[in-house]
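This report concerns only the one structure given below.
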Amino acid sequence: MAKSWAPDSWRSFPIKQQPQWPDEADLDRALKQIAGYPPLVFAGEARSLQSGLAQVAAGNAFLLQAGDCAESFEEFTANNIREKLRVILQMAVVLTYGMGVPVVKVGRIAGQFAKPRSADFEQVGGEDIPSFRGHIVNGEGPTSAARTPAPERLVQAYHQSAATLNLVRAFTKGGFAALDRVHAWNQEFVSSSPEGQRYHQLANEIDRALRFMRATGMDTESNANLREVDVWTSHEALLLGYEEALTRQDSTTGGWYDCSAHMLWIGERTRELDGAHIEFLRGVGNPIGCKVGPSMTGDDVIALCEALNPAHIPGRLTLITRMGADRIEAGLPPLLRAVRDAGHPVVWACDPMHGNTYTSPGGRKTRAFDDVMREVEGFVQAHRAEGTWPGGIHIELTGADVTECIGGGDQISDSDLDHRYETMCDPRLNGRQALDLAFRTAELVRQGVD
Ligand code: TRP
Ligand code: MN
C-alpha cells in the first residue's frame, strides 16, 4: 500500500465498535490531555519484541501471550498484578524447559481495557442502556448512569497502565523473576494440586541445573539472563482515539509507534480491510496481531498479510487463530498453506479460548478446559501436517483461584462456577488450569521435535 498514512488517517474510514460518547468536546479534551503525556513504552522496546517474534516466525522460539480478558479499575492492586505475573512466569518456565526454545512473553496487561460488544444496547428492566465496553469506557453496573461512556476514564486507563507497567518492570528486572526463585512462584493453592507437584519437580530440576552451573565456576548471581525477563505489554487496539493520542514519532528512525503498548492486536470484529482499525495499525511500527476466526479463507488471510505487512517483515505480524475445537482441524490447514505459499513470515498463535465459549445450564458464560486443550492439540497437529511452526498460545488467565472455566485437574463442574466467578468479561483459566495447559502444550509441541 503506497497510500499515505498519518496517525489520524483512520478518521476518514468506516469504524466499528466505538462508544457513543455523550459529549465530543469532553472526549477531545481527554484525548488532548493524553496526547501531552509521556509515552508508556519506547519504540526501541517494540523493535526488540519484534526481533523476538521474528525468531518465533522462524521456528526458533515460542510465544506466550496471556492475561485478563479485561483489566478492571476496581481490582487494581499490587497483589493482583504480582499473582498474574507469577502464573505467566510459571507457564513460561514450563514451556522453556519443556520445549528447549526461548519463550517470548507478552502480557494482556497494562492497557487491556476496551471490549467489543455484539450489541450497542442491552435491555434492563424494559429500558435500553448502553452495553458495557470495559472500564476505559463505562462501568459494568446495569444502570444507565453507570453505562454512560465517560471520557475521564480514558485518562484513568492511561494512569493505571503506567502504574501497572511500572510494577511489571520492577518485578521482572528487580529479582522477583530470577530463576533461583522458581519455587517461589508456585502459589499455595496451586502447590497442593498435581500440576503444582509437577511444577515443584521441574523447579527442583532447574535448581540442580543452576547448582551444577555454579559448581563449574559459572557466576549465576550476576548473569542478567538468569535474573531478569522481558514481559512485554499488549492489548486490543480498539479505541482508536486513545491509540492515536499515544502514537509518537520515533526520534531515531522517524517511524511512528503506538506507545500505549509494545504489541497491539486487531479483534475478529474490527478487521475489515477497508476499515479504520486496519488503516491505523498498518502505519505504526509495533508488532501487530490479528485474530483469525473460522470464517476466514486463505485469500482473506493473504489480503490481511498484504495490508498489515506488505514488506514481509518477520515478526511484524502475528496471526492469532480462534477457530473452536471442532473447527480447527478443517479450518486451519488451508490457511497455513496459503500463507506459506505466499511467503509471508508470520507468527501463528493459537487462541484456544474465544472459539470455545458457551453458556452453562446455570447461565454462566464458561469454557471447558478439555475443549481448550483440544483446540491446542488441533493447532499443533495442523502445523505438524503442513510443516509449519506452531508458534505460540494466547490465553485468558488470572492469578486468582477462580472457578470460571469447567474441568481441569480439579474438575470444576457446572455447579462450582458460582463459587468464585469473578470475571467482568470472559471466563479465565485459574492458576492450576493455566499451569496444566503449559505442561500439556510443551508435550504436544515437543512430540514433533524429539
Ligand atoms: N531470561 C531468560 C528468559 O527470559 C531466563 C529466565 C529468567 C526466565 N527468569 C525467568 C524464563 C522466568 C522464564 C521465567 O527466558
Ligand atoms: Mn475475551
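Worth pointing out:
- The set of residues from segment 297-326 being touching a Lys or Arg at 6+ places or on another chain (Cβ under 9 Å), assigned to a loop (DSSP other than H, G, I, E, B) and open to solvent by less than 40 Å² (accessible area, probe 1.4 Å) comprises N309, A325.
- R440, sole failed condition from (1) outside any helix (DSSP H, G or I); (2) open to solvent by 10 Å² or more (accessible area, probe 1.4 Å): (1)
- For segment 61-97, the set of residues classified as closer than 28 Å to R117 by Cβ and within 12 Å of ligand 1 (Cβ to nearest atom) consists of L64, V87, I88, listed by residue number.
- Applying the set (1) open to solvent by 60 Å² or more (accessible area, probe 1.4 Å); (2) more than 16 Å from ligand 1 (Cβ to nearest atom); (3) more than 24 Å from A162 (Cα to Cα); (4) within 23 Å of the chain's Cα centre (by Cα) to E24 leaves exactly one unmet item: (4).
- Taken over segment 401-413, the criterion of being at pLDDT 90 or above and surrounded by 13 or more Cβ atoms within 10 Å (Cβ to Cβ) is satisfied by D401, V402, T403, E404, C405, I406, G407, I412.
- Residue list for segment 27-43, restricted to those being under 22 Å from P151 (Cα atoms) and either in contact (Cβ under 8 Å) with a residue 40 or more places away in the chain or not in a helix (DSSP H, G or I) (or both): L27, R29, A30, L31, K32, Q33, I34, A35, Y37, P38, P39, L40
- Criterion (at pLDDT 95 or above, open to solvent by less than 10 Å² (accessible area, probe 1.4 Å) and within 25 Å of G431 (Cβ to Cβ)) met by exactly one of D351, D370: D351
- Which numbered condition G362 fails, given (1) open to solvent by 30 Å² or more (accessible area, probe 1.4 Å); (2) touching an Asp or Glu at 6+ places or on another chain (Cβ under 9 Å); (3) closer than 20 Å to E268 by Cα: (3)
- Residues located in segment 123-132, provided they are in contact (Cβ under 8 Å) with a residue 12 or more places away in the chain, open to solvent by 30 Å² or more (accessible area, probe 1.4 Å) and touching a Phe, Trp or Tyr at 6+ places or on another chain (Cβ under 9 Å): P130
- Subset tally (residues that are closer than 17 Å to Y358 by Cβ and within 15 Å of ligand 1 (Cβ to nearest atom)) for segment 422-443: 0
- Tallying residues that are under 21 Å from Q65 (Cα atoms), open to solvent by 20 Å² or more (accessible area, probe 1.4 Å) and away from ligand 1 (no atom under 16 Å from the Cβ) within segment 220-256 yields 0.
- Some residue of segment 158-176 being within 30 Å of Y199 (Cβ to Cβ), touching a residue at least 40 places away in the same chain (Cβ under 8 Å) and of a type in the set (K, R): yes
- Annotation note: Cβ proximity below 9 Å between a residue of segment 342-355 that is under 14 Å from L317 (Cα atoms) and among the acidic types (D, E) and a residue that is within 16 Å of ligand 2 (Cβ to nearest atom) and assigned to a helix (DSSP H, G or I) (sequence gap 6+ or interchain) occurs for no pair.
- Hits in segment 225-242 - residues which are of a type in the set (G, A, S), more than 16 Å from ligand 2 (Cβ to nearest atom) and closer than 21 Å to I88 by Cβ: none
Listed here are the residues, each with its yes/no results for (1) modelled with pLDDT of 95 or more; (2) within 29 Å of L437 (Cβ to Cβ); (3) touching a Lys or Arg at 6+ places or on another chain (Cβ under 8 Å).
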residue	(1), (2), (3)
Q197	no, yes, no
H200	no, yes, no
I206	no, yes, no
T216	yes, no, no
N223	no, no, no
T233	yes, yes, no
L238	yes, yes, yes
Y242	yes, no, no
T247	yes, no, no
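- All positions within segment 82-95 that are open to solvent by 10 Å² or more (accessible area, probe 1.4 Å) and either more than 16 Å from ligand 2 (Cβ to nearest atom) or under 16 Å from N204 (Cα atoms) (or both): R82, E83, R86, V93
- Selection within segment 133-164 - open to solvent by 10 Å² or more (accessible area, probe 1.4 Å) and among the hydrophobic types (A, V, I, L, M, F, W, C): A145, A146, A150, V155, A162, A163
- Residue that is farthest from D351 (Cα to Cα) [pool: residues in segment 40-81 that are within 16 Å of ligand 2 (Cβ to nearest atom) and touching a Lys or Arg at 6+ places or on another chain (Cβ under 9 Å)]: E71
- Pairing residues of segment 185-209 that are of a type in the set (K, R) with residues that are within 15 Å of ligand 1 (Cβ to nearest atom) and in a helix (DSSP H, G or I), at Cβ distances under 9 Å and at least 6 apart in sequence or on separate chains, gives R198/V94; R198/L435; R198/F439.
- Considering only residues in segment 44-63 that are among the hydrophobic types (A, V, I, L, M, F, W, C) and in a helix (DSSP H, G or I), the one that is surrounded by the fewest Cβ atoms within 10 Å (Cβ to Cβ) turns out to be A54.
The values are calculated or read from the model by the stated rules, or taken from the named source; none is laboratory data. All of these numbers come straight from a predicted model, not from anything done at the bench. Using ideal geometry, Cβ is built from the backbone for each residue, glycine included, and neighbour counts are taken over all protein chains shown. The accessibility values were calculated without ligands, DNA or RNA, using every heavy atom of the protein model including side chains. Shrake-Rupley method; radii C 1.70, N 1.55, O 1.52, S 1.80 Å.
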